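Okay, so here's the structure we're looking at.
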Amino acid sequence: MIYFDNSATTRPYPQVVEVVKRAMEAYYGNPSSLHQKGLEAESVLKQARAVAAQYLGCKPSEILFTSGGTESNNTALKGVAFQYQGRGKHIVTTSVEHPAVYDVCKQLEAFGFTVTYLPVDREGRVSVEDVKKAVTSDTILVSVMHVNNELGTIQPIAEIGAWLRQFPKTLFHVDAVQGVGKVPLRLKEWGIDLASISAHKFHGPRGIGILYKREGLIIQPLLTGGGQEGGVRSGTENLPAIAGLAKAFRLMTEEGSRDAEHIAALTRQLRAGLAAIPEVVINTPEQGSAPHIINLSFPGMKAEVILHALEERGFLVSTKSACSSKKDEPSRVLMATGMDKERALSAIRISLGRENTADEVEAFLAAVKEVSSVSSYRKAKV
Ligand SMILES: Cc1ncc(COP(=O)(O)O)c(C=O)c1O
């Protein structure tokens, strides 16, 4: 099977698997224990934090290990909301956030917060002007994702961060889960206060991530207990996964730019081939999008039908509605771009990775051509 679903998750680097295994075997001590095994584990933890900080361009003390993107987003949003509710109860976000931000905002509304969900343009991009208009003296947080997970659209994080600098009491959170390793992230330069990162999106282990929290910023913890991770995230550290995450950062430092060029070349090849198939429409903007994601529609067909037809031909891709419980509802993200329902219901996402090849893309294009011309696939009612 050819794996084109790298935005859902990536295959870990073999060296990461090795490091995780070795850490489980050798560093089983609790980093909080005072004896030798504890100190060894603590030293691994310290090294991993330093590696992550170096990759992200911040201080080790600004790295908080969490269980992944979902927890980092929840901690950032709820942590700010509960800490600063006395200052204001308004949050600004976008209509295209991942559910780990969007649904947290919905939950916070139930707790009495007011949330502005900014619209996006046809490419899925929020306007900096709209952010400026939405922020009031009551706004405690602006949360905007870096790279959209369905479309690949890059949001104007640098511009929003630059403008927000004049309002130090309005914090800036970025869900950077889909961007790390794919597009540059400048935490300091862009004035980011909090950022969410997840290792399994860049060939690290599942269930481990980072919440970057700017030095000096106080937020309420989601999990209280033993006081690990600066008191913001209690719980015995998942040391093997943390060591694996650090290994993934090291490998990205060594191989990341070569991989990025390779993936960008594959995406160009994919785009050029798709442009020659009249039955498909590319939804991902050509400019200002991450190099690994291409979202495309097969108008008149149902996304699930296409997904399974491609799977029968050996290709693993994804559709929003396959993982949605309300099967016939189109993607919230695609609908927010003003796309019609039929096109949104026929959308699939291809996400490329470092292991994909030009031959695989060529074979995929042939499969798309074939699938898009099978008239029986059009019978399934959209
Ligand atoms: C943009 C974005 N944010 C958050 C998450 C959640 O990350 P995790 O799977 O590590 O909880 C994802 C995962 O798909 C994502 O794409």
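Details
- Inter-site label distance for Thr236 and Lys133 at 7 Å from Cα along Cβ, in nm: 5.4 nm
- Restricting the trypsin sites (Lys or Arg not before Pro) of region 92-172 to loop positions (DSSP other than H, G, I, E, B) with no more than 15 neighbouring Cβ atoms within 10 Å leaves Arg122, Arg165, Lys169.
- Nearest 10 degrees, 0 to 90: helix 358-373 Cα axis against the chain principal axis: 50 degrees
- FRET efficiency, Glu189 to Ala265 (Cβ-Cβ, R0 22 Å, nearest 0.05): 0.20
- Residue-averaged 222 nm ellipticity for the chain, from DSSP H runs of 4+ at -39500 (n - 2.57), nearest 500: -12500 deg cm²/dmol
- Ranked Cys58, Cys105, criterion: other C-beta atoms within 10 Å, fewest first: Cys58, Cys105
- A convex hull fitted to the Cα coordinates of region 29-188 yields 129 cubic angstrom per residue.
- Bridge type composition, the chain - antiparallel percent by DSSP, nearest 5: 50 percent
- Annotation: amide H of Asp5 within the under-5 Å range of Ser351, sequence separation 5 or more or interchain, hydrogens built in the peptide plane.
- Estimated distance in nm for a label pair at Glu329 and Phe82, the labels positioned 7 Å out from Cα along Cα-to-Cβ: 2.7 nm
- For the chain, size of Cβ-based charge dipole, Lys and Arg +1, Asp and Glu -1, in debye: 540 debye
- The chain shape via C-alpha gyration tensor axes, a/c threshold 1.5: oblate
- 5 Å binning of all Cα-Cα separations within region 251-378, expressed as whole percents from 0 upward: 2, 10, 21, 23, 20, 14, 7, 3, 1, 0
- In degrees, nearest ten, helix 303-312 long axis to first principal axis of the chain (Cα): 80 degrees
- The overall shape of region 1-100, judged from the alpha-carbon gyration tensor, is oblate: a/c is not under 1.5, and a/b is no greater than b/c.
- Distance from the alpha carbon centroid of region 19-33 to that of region 282-316 works out to 41 angstrom.
- Cα-based shape type of region 205-255, given that a ≥ b ≥ c are square roots of the gyration tensor eigenvalues and the cut on a/c is 1.5: oblate
- Of all lysines in the structure, those lying under 27 Å Cα to Cα from Lys247, and not within fewer than 8 positions of it along the same chain, are Lys21, Lys37, Lys46, Lys59, Lys182, Lys188, Lys201, Lys213.
Where a number appears in this text, it was derived from the coordinates with a stated rule and is not lab data. Being a predicted model, the structure only gives us computed values, none of them experimental. Cβ atoms come from the backbone with ideal geometry, glycine included; neighbour counts cover every protein chain shown.
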